[in-house]
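Enquirer: What follows is a structure written as structure tokens; I'll ask about it next.
The values are calculated or read from the model by the stated rules, or taken from the named source; none is laboratory data. In this text, all values refer to a predicted model and were calculated from it rather than measured experimentally. Don't worry about glycine lacking a Cβ; one is built from the backbone with ideal geometry, like all the others, and counts go over all protein chains shown. When the accessible area is computed, the model is the full protein with side chains, heavy atoms only, and any ligands, DNA or RNA have been set aside. Shrake-Rupley method; radii C 1.70, N 1.55, O 1.52, S 1.80 Å.
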Amino acid sequence: MRATGVTANLRVADIEIAKAFYTDYLGLATEGFNLGWVASYASPDNRANIQLVTRDATAPQDSVISVNTDDIDGAYEEALQRGYEIVHPITTEPWGVRRFFVQAPDGNVINIVNHSD
């Protein structure tokens, strides 16, 4: 498993209400995407980013971070080999990502994801 990026997933009640703080005050004004239940915001230089999440659309639990990887299938197999609990099986989602959720030994749920673009 090789992480190529990590994004914090912050739980919010309403993205539209919450985003002003993150975009206006923190300067994460570039909206990468907004699916209604999850939205991504980044700084203009793309060095800082965050995702606001109301409730995951397909997984039974929400994740605390999203970890990008180039080899999603290899990461999934390694998680299984190590005996980690898979919370959401590897899935190609309708919005174009391939991902799975794994529970870390400390209880945190991690979204392991590959963006095809």
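Enquirer: Scan the stretch 9-37 and report the pairs whose first residue is on the phi < 0 side of the Ramachandran plot and of a type in the set (Ser, Thr, Tyr) and whose second residue is open to solvent by 60 Å² or more (accessible area, probe 1.4 Å) and not in a loop (DSSP other than H, G, I, E, B), with Cβ atoms within less than 8 Å and a gap of 6+ or a chain change.
Expert: Close Cβ pairs satisfying both conditions: Thr23/Glu31.
Enquirer: Right, something else. For the stretch 64-106, which residues satisfy the criterion of being of a type in the set (Phe, Trp, Tyr) and open to solvent by 70 Å² or more (accessible area, probe 1.4 Å)?
Expert: The first filter runs over the stretch 64-106 and keeps only residues of a type in the set (Phe, Trp, Tyr), leaving 76, 84, 95, 100-101.
Matches in the stretch 64-106: Tyr84, Trp95.
Enquirer: Determine whether the stretch 80-89 contains at least one residue that is in contact (Cβ under 8 Å) with a residue 40 or more places away in the chain and of a type in the set (Gly, Ala, Ser).
Expert: The answer is no; no qualifying residue exists.
Enquirer: Let me ask something additional. Out of the residues in the stretch 81-97 that are under 16 Å from Thr69 (Cα atoms) and of a type in the set (A, V, I, L, M), state the one that is farthest from the chain's Cα centre (by Cα).
Expert: Ile90
Enquirer: Restricting to the stretch 1-53, and then to whatever is among the hydroxyl-bearing types (Ser, Thr, Tyr), buried (at least 17 other Cβ atoms within 10 Å of the Cβ) and within 16 Å of the chain's Cα centre (by Cα), can you tell me which residue is nearest to Trp95 (Cα to Cα)?
Expert: Ser40
Enquirer: Separate question: Regarding the stretch 107-115, can at least one residue be identified that is within 16 Å of Thr7 (Cα to Cα), without any contact (Cβ under 8 Å) to a residue 24 or more places away in the chain and open to solvent by less than 70 Å² (accessible area, probe 1.4 Å)?
Expert: no
Enquirer: Take the residues in the stretch 54-63 that are charged (D, E, K, R) and surrounded by 14 or more Cβ atoms within 10 Å (Cβ to Cβ), then tell me which one is nearest to Ala3 (Cα to Cα).
Expert: Keep residues of the stretch 54-63 that are charged (D, E, K, R), which gives 55-56, 62.
When the remaining residues are screened for being surrounded by 14 or more Cβ atoms within 10 Å (Cβ to Cβ), the result is 56, 62.
On the way: Asp56: 21, Asp62: 19 Å.
Among them, the one singled out is Asp62.
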